[in-house]
Amino acid sequence: MDQNTSMDGIILQGIGSFYRIESGNQVYTCRAQKKLRKVAAPVPGDSVRFQPGTGEEDGWIEEIYPRRNALVRPAVANVDILALVIAPLPEPDLLLVERLLLYAAQADIDPVLIVNKQDLDSELPGKIRMEYAGSPLKVFSVSAADGSGIDKLRESLREKLVCFAGQSAVGKSSLLNALCGLSLETGGLSRKTERGRHTTRRAELMTAGGMRIIDTPGFSLLDAMEMDPQTMPDYYPEYAELADNCRFKPCLHDREPGCAVRKNVESGRLSSVRYERYRTILQEVRETWKERYR
Ligand SMILES: Nc1nc2c(ncn2[C@@H]2O[C@H](COP(=O)(O)OP(=O)(O)O)[C@@H](O)[C@H]2O)c(=O)[nH]1
Ligand SMILES: [Mg+2]
Ligand SMILES: [Zn+2]
């Protein structure tokens, strides 16, 4: 094949054995070479080299460039930002949020926390900010319904590949519509959930409003997280900062005597609810780690 006609592009979506690839302002449809599919199938977000098809012949993906990171469900690569959406309604599952923050940190993806529906409850964003005080997490307060906070959020997501995640009905699709001028279906909760359960809906990368976005259908990024419990404190920046002051080194900031993190929680300088979630997840991580060779 003539190498000179190769182009670089980004995978938007896989449909059967075909892939939609964006390059420049154009979208091409190509197959993946068999030898390439054996190593790893391309996923949305992958940066690839491909031969565009000619009138008669299908184009081919020749190479997937190394991935910076990759999520499993949804299958997507090279994510810059994991945008976790919560709202006063449905009631936030903050333990889920906590797990997702850890997941993002492990995958080297910047998380942001978006508190939507501020028109329904203007106090939730402040409460959440208190819980994450001392951590570098960015918390945005927005309303997809009345548009408040949307411009500021859009500004910090520009030029990034953003994966939106959160419980059903928190307003992910509404937010994408407000942020990017899309017209995704919203609100059809029961029907959509039902359909999502029975069919494998694959992730699609959309480019709109200066962002590359993935709207995940529902949410299933993680089951049990397999990681060495010893590494967990590293992913809590405000705890890592204090580790030098703990009596034990390393300290998991659990029940160790003389733990500086616990002291700061007891004195109210660090959030006790976030700390309780940390310990809950630490316990899970320990159990999963113990069982890993069974
Ligand atoms: N009051 C209010 N309702 C919202 C807001 N954003 C979304 N909704 C509503 O919440 C419901 C679920 O929204 P949707 O975008 O489908 O949520 P998704 O399941 O996360 O994609 C819909 O009825 C929306 O109209 C908001 O900022 N304020
Ligand atoms: Mg939706
Ligand atoms: Zn400690």
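The values are calculated or read from the model by the stated rules, or taken from the named source; none is laboratory data. Treat the numbers as computed from the prediction; the structure is a model and nothing was measured. Note that we place each Cβ from the backbone using ideal geometry, even for glycine, and neighbour counts take in every protein chain shown.
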Could you check, for the range 68-90, whether at least one of its residues is of a type in the set (D, E, K, R) and touching a residue at least 60 places away in the same chain (Cβ under 8 Å)?
yes
Take Gly187 and decide whether it is assigned to a loop (DSSP other than H, G, I, E, B), within 16 Å of ligand 2 (Cβ to nearest atom) and surrounded by fewer than 19 Cβ atoms within 10 Å (Cβ to Cβ).
yes
Would you say Val76 is closer than 29 Å to Ala165 by Cβ, of a type in the set (A, V, I, L, M, F, W, C) and buried (at least 17 other Cβ atoms within 10 Å of the Cβ)?
yes
If only one of Ile109, Ile150 is away from ligand 2 (no atom under 16 Å from the Cβ), at pLDDT below 95, at negative phi and of a type in the set (Val, Ile, Thr), which one is it?
Ile109
Looking at Gly16, Gly45, Gly53 in this structure, which one is closer than 19 Å to Leu205 by Cα and either in contact with a Gly (Cβ under 6 Å, 6 or more places away or on another chain) or surrounded by 17 or more Cβ atoms within 10 Å (Cβ to Cβ) (or both)?
Gly45
Having 2 or more residues that are in contact with a Pro (Cβ under 7 Å, 6 or more places away or on another chain), over 22 Å from Val265 (Cα atoms) and of a type in the set (Asp, Glu) is the bar; report the strands (runs of 3 or more DSSP E) wholly within the range 70-172 that clear it.
none
Please go through the range 37-55 and give me each residue that is among the hydrophobic types (A, V, I, L, M, F, W, C) and either part of a loop (DSSP other than H, G, I, E, B) or touching a residue at least 60 places away in the same chain (Cβ under 8 Å) (or both), ordered by number.
Ala40, Ala41, Val43
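Residue-by-condition table, conditions (1) crowded, with 16+ Cβ neighbours inside 10 Å; (2) outside the structural domain of Ile128 (by TED's automatic domain parsing); (3) over 22 Å from the mean Cα position of the chain (by Cα); (4) in contact (Cβ under 8 Å) with a residue 40 or more places away in the chain:
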| position | (1), (2), (3), (4) |
| --- | --- |
| Pro237 | no, yes, no, yes |
| Asp244 | no, yes, yes, no |
| Gly258 | no, yes, yes, no |
| Lys263 | no, yes, yes, no |
| Ser267 | no, yes, yes, no |
| Val273 | no, yes, yes, yes |
| Glu276 | no, yes, yes, no |
| Gln283 | no, yes, yes, no |
Residue under evaluation Leu176, criteria (1) more than 10 Å from ligand 2 (Cβ to nearest atom); (2) modelled with pLDDT of 85 or more, criterion not met:
(1)
So which residues in the range 256-294 are modelled with pLDDT under 95, of a type in the set (Val, Ile, Thr) and farther than 15 Å from Pro233 by Cα, if there are any at all?
Thr288
Evaluate the following for Val142: is it within 20 Å of Pro74 (Cβ to Cβ), of a type in the set (Val, Ile, Thr) and more than 13 Å from ligand 2 (Cβ to nearest atom)?
no
